[in-house]
Amino acid sequence: MLVKIKVNAKVIEKDVQANTLLIDFLRDSGMYSVKRGCETSNCGLCTVLVDGKAILSCNYLAARAVGKEVVTLEGLETEALEFGNFLADEAADQCGFCNPGFIMNVLCMCKELDNPSDDEIKEYLAGNLCRCTGYEGQLRAIRNYMESTRGGQQ
Amino acid sequence: MKHVNTSIRKKDYKSLVTGKPVYTDDIAPKHALVVKLIRSPHANAIVRNVKTDIAKKLPGIACVLTHSDVPKKRFTIAGQTYPEMSPYDRYILDEHVRYVGEPVVIVAGDSEEVVDKAIKTIQIEYEVLDALMDMRDAMTSSIKIHDEEDWFAHIPTGGNPEKNLVSSATQVHGDMDDAWKHCDYIVEETYHSLANQQTMMETFQTFTSIDEFGRLNVVSSTQIPFHVRRILSNALGIPKSDIRVSKPRMGGGFGAKQSSVSEVYPALVTHITGKCAKIVFTREESLIASSPRHEMEIKVKIGASKDGSIQAIDMYALSNNGAYGDHGPTTVGLVATKNISLYPNVKAFKFAYDVVYTNRMAAGAYRGYGATQGCYALESAVNELAHKMDIDPSILREKNMVKESDVLPLFNNDKIRSCSLDRCVATAKKMSDWDNTWKAVDVGNGKVRAKGMAITMQGSGIGNIDVASASIKMNDDGFVTLHVGSTDMGTGSDTTLAQVAAEALDLSIDKIKVISADTDASPYDTGSYASSTAYVTGMAVYKASEEMLELLYETAAKLLNCTTDELSFEDEIFTSGDKELSLSDLVTFVQQGKVNVSLQTSYSHKSPVSPPPFMVGIASVEVDKYTGKVSLLDYVGVVDCGVALNPNICRVQAEGGIVQGIGMALFENIQYNSKNAVINNSLMQYNIPNRQDIGTIRVEFEESYESTGPFGAKSIGEVVINTPAPAIADAIYNAVGVRLRKLPMLAQDVFEQMK
């Protein structure tokens, strides 16, 4: 079936199967930031925004996204780099394979939670697995990023 | 030092944090054939008949390959320097399948859809044989896993397929009988660790094509491009000169990609069809048919005299290699070398091992490489010995552990030049308030807290075997292309090596561009494994940089009509008296032919020694007496990696390694079902730690200076994974008196033993 999905403010028209997953639709459309680390919606690597909410695109049919607005990391490059600088300052970017899904969720968290505690941060991001960093460097980066954005608001 | 020992960002960070298409699957051509594998549902079977005729006729199917289509020449997928210690016991596809998940048929077609359709039409008849699943039965079983006549080993390591033996040996140092006589306390126990999965976030993936010169081009997520070239040459029966292997950015490796797990399948398809082909392992495939840690059962007998001196250590390791012998003879050796060496003043030690075949997925290389299993066993036994002697386990260690100037018989009698383990232990004890808190503290509500400790060491490269070379080219504007054959798998080694070059050449880090790794373009490197890159490749970069600097001085002297002694070089400018020559102008003049010199240097480095990094880990746990649940509250790791070339990168290596070790200790279970298949075949069932599972991880460094390493550096990559299992095991014991001697340590096991 032919579907039209708005991705990063551009409408993409594509012929898909009924069972085509959003992750495959997006990667086929050149959104290579969307990564697959499992097939069981456990790793968080394929996180994208649908109508502003973080979802796992490996667990979401492409057809379901018709009429909705999808945002991948390609559509958030400025914000990604702003946070990414803090991640790189901890060398917590590491292999980078989990970064896109993780960063999508971090950016989402920063919008949803006001001044979260470490425990709240860990809970919010529990679904984003990372095998390189042991998570501590990511946490340091988040704290520093949030502090800097708070500073900016004042 | 301007550039080393500073925490600059990884040079590739921008593309990694903005999700750029830099990994194998991202850059594979869209027209690549999709390659999939039909895998055996049986642990031990003969493939009698494969009906592929319908599949082959399906439109869009490029080829369907079975064991009758592959070269009958055995090889190993283990990435090791030739001649490999691992036996040559594999075909690409074998008539005899030896574990559930072993590939039986390769199917390649234009799309995933057509390949899936073809797979459904293929019928396979098996003659199912009894399977050998328990490594303890291997040497006496009537089941012979490798009964083929063409099994062979380049180097005899005690292997004997008749007894399902991959490798076997015994070594004794000193008079054991006499040493036991000096022991007033003896502990003798057995410790069991499992075939943990590296679980790098990027699964195994490769694409292959034939290039314009008719050569097989392989792009793969691999730690070992040069070894893959040889492995494919062996497997396909084509000359190495017809193969080129390169690796793009990698989504992690941890040793998994030190075996050639995915490359042979698309390579065979491309070799046969001439077409571009791609394979991307699913997570399930990565968890059932890959290259995990060797399951080991290690028996330790250790004794000490009343004065607290450890007198004798006897270790026996039974190692489960699974269906094929990859990395078997080498991994097991580290059980002893990296652990008994922690206590180099024992009167005598003995180490014996048997590495056996079973009908489980073959093991491979996983961060720590045998040292991890050995650390769990020996450090657990040391803790048990301390309890038996009724002394603080940290004090038993302080009295006996390795220190600077000790001579290590298991490290070719190398005399330790750098070791700050004493300071590491002191710092860790202080950070964790060890003295006041290691014993059980009841915090109410049925919860008890306590701490446990372990120490560890690894190596830095494989002494006298690992070879690394670096080539440096000076370009216009004075920028440098640094070519290395090591493989940054996300660790940041490209950046660290650039820091070494920048320091040695006295250039800004932005002027150093790292190119890695491509078997045609890069200078030879064994690959990134065995904790070799910072230390061995780092030294090659340092030496090549020194030679470049010398060449630049000579060239500048010619251009300025002076001697090299009269020259100084600062801020990219050569000065001799009142004459100045910028590096940029120097290169321009060379490119204009004013001096006839090729501004390139190359250096190949091999280290006769493998200086160990050291570490201590202290685990702080809370055990729930009503449920047995163990919560890790805090983990302190203090590391001696010599001089940290990039402290941030080293810190993240340590934190990440500790959490992998925690996973092995508490969460990552490997279970087989009644049909001999791995149950834990998804990230839902194979539980790597998430960020809520681990408490806080705190890492510090106690610097030492290793004179044989670049700017004093030793390795960091592997040593960091070893301590959690024994430290947590003892913390649990200190909390509730339960001694667990198998991993992972689950709530139900603690609960059962508390009853």
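The values are calculated or read from the model by the stated rules, or taken from the named source; none is laboratory data. Because the structure is a prediction, the values reported are computed rather than measured. Positions of Cβ are backbone-derived with ideal geometry, glycine not excepted, and every protein chain shown enters the neighbour counts. Note: areas computed on protein heavy atoms with side chains; ligands, DNA, RNA excluded. Shrake-Rupley method; radii C 1.70, N 1.55, O 1.52, S 1.80 Å.
Summary table
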quantity	calculated
Summed side-chain charge close to residue B:141 - residues other than residue B:141 whose Cβ falls under 14 Å, Lys, Arg +1, Asp, Glu -1	-1
Cross-link table B:451/B:714; B:14/B:473; B:247/B:558, entries beyond 31 Å C-alpha to C-alpha	B:247/B:558
Size of charge dipole - segment B:113-261 - debye, nearest 20, with Cβ of Lys, Arg +1 and Asp, Glu -1, no other charges	1080
Reciprocal mean inverse distance between Cα atoms of segment B:490-639 - Kirkwood radius, Å	19.1
Square roots of five times the Cα gyration tensor eigenvalues for segment B:495-580, Å	31, 12, 11
Only Lys, Arg (+1) and Asp, Glu (-1) charged, at Cβ; segment A:12-154 dipole about Cα centre in debye	300
Over the protein assembly as shown: Rg over Rh, Cα atoms, Kirkwood Rh	0.97
Pair-distance profile P(r), taking every C-alpha pair of segment A:72-153, with 5 angstrom steps and integer %	3, 15, 30, 29, 18, 5, 0
Span per principal axis, largest first, for the Cα atoms of segment B:67-166 (Å)	47, 34, 21
Spin-label zone in segment B:626-647 - amide nitrogen under 12 Å from a point set 7 Å from the Cα of residue B:395 along the C-beta vector	none
Debye, to nearest 20: dipole size of the protein assembly as shown, +1 on Lys, Arg Cβ, -1 on Asp, Glu Cβ	1700
Kirkwood Rh and Cα Rg combined as Rg over Rh, evaluated for chain B	0.99
Violating pairs (Cα-Cα greater than 29 angstrom) within the set B:350/B:399; B:10/B:403; A:111/B:257; B:36/B:163; A:35/B:338	B:10/B:403; A:111/B:257; B:36/B:163; A:35/B:338
Test item: A:8-17 mean partner chain Cβ contacts at 10 Å	0
Pairwise centroid distance, computed over Cα atoms, of segment B:338-377 with segment B:553-608, Å	50
Surface accessible to a 1.4 Å probe, residue B:162 within the full protein complex, Å²	130
Kirkwood Rh, Cα atoms: Rg over Rh of segment B:16-120	1.05
Rg(Cα) / (2.2 N^0.38 Å) computed for segment B:108-163, rounded to two decimals	1.83
Per-residue SASA entry for residue A:120, accessible area with 1.4 Å probe, Å² rounded to 10	90
Solvent exposure ordering (accessible area, 1.4 Å, most first) of A:43, A:110	A:110, A:43
Rg(Cα)/(2.2 N^0.38 Å) for segment B:604-655, N = residue count	1.74
Using a Förster distance of 35 Å, the FRET efficiency for residue B:2-residue B:684 (Cβ separation, nearest 0.05)	0.15
Spin-label model distance (nm) - residue B:447 vs residue B:508, 7 Å beyond Cα toward Cβ	5.2
Residue B:94 accessible area, assembled protein chains, probe 1.4 Å, Å²	10
Highest-first arrangement of B:576-582, B:187-193, B:259-265, where packing means the average Cβ count within 10 Å	B:259-265, B:187-193, B:576-582
Binned Cα-Cα distances of segment B:370-449, short to long, each 5 Å bin given as a whole percent	3, 12, 15, 20, 23, 14, 7, 3, 2, 1, 0
Chain B, relative contact order in percent, only Cα pairs under 8 angstrom and at least six apart counted	15
Solvent-accessible surface ranking, highest first, for B:306, A:122, B:240 at 1.4 angstrom	B:306, B:240, A:122
P(r) histogram, all alpha-carbon pairs of segment A:19-76 included - 5 Å bins from 0, percent	4, 22, 35, 28, 10, 1
By accessible area with a 1.4 Å probe, ligands and nucleic acids excluded, highest first: order of B:583, B:633	B:633, B:583
Kirkwood hydrodynamic radius over Cα pairs of segment B:454-520, then Stokes diffusion coefficient at 25 °C and 0.890 mPa s, in µm²/s	182
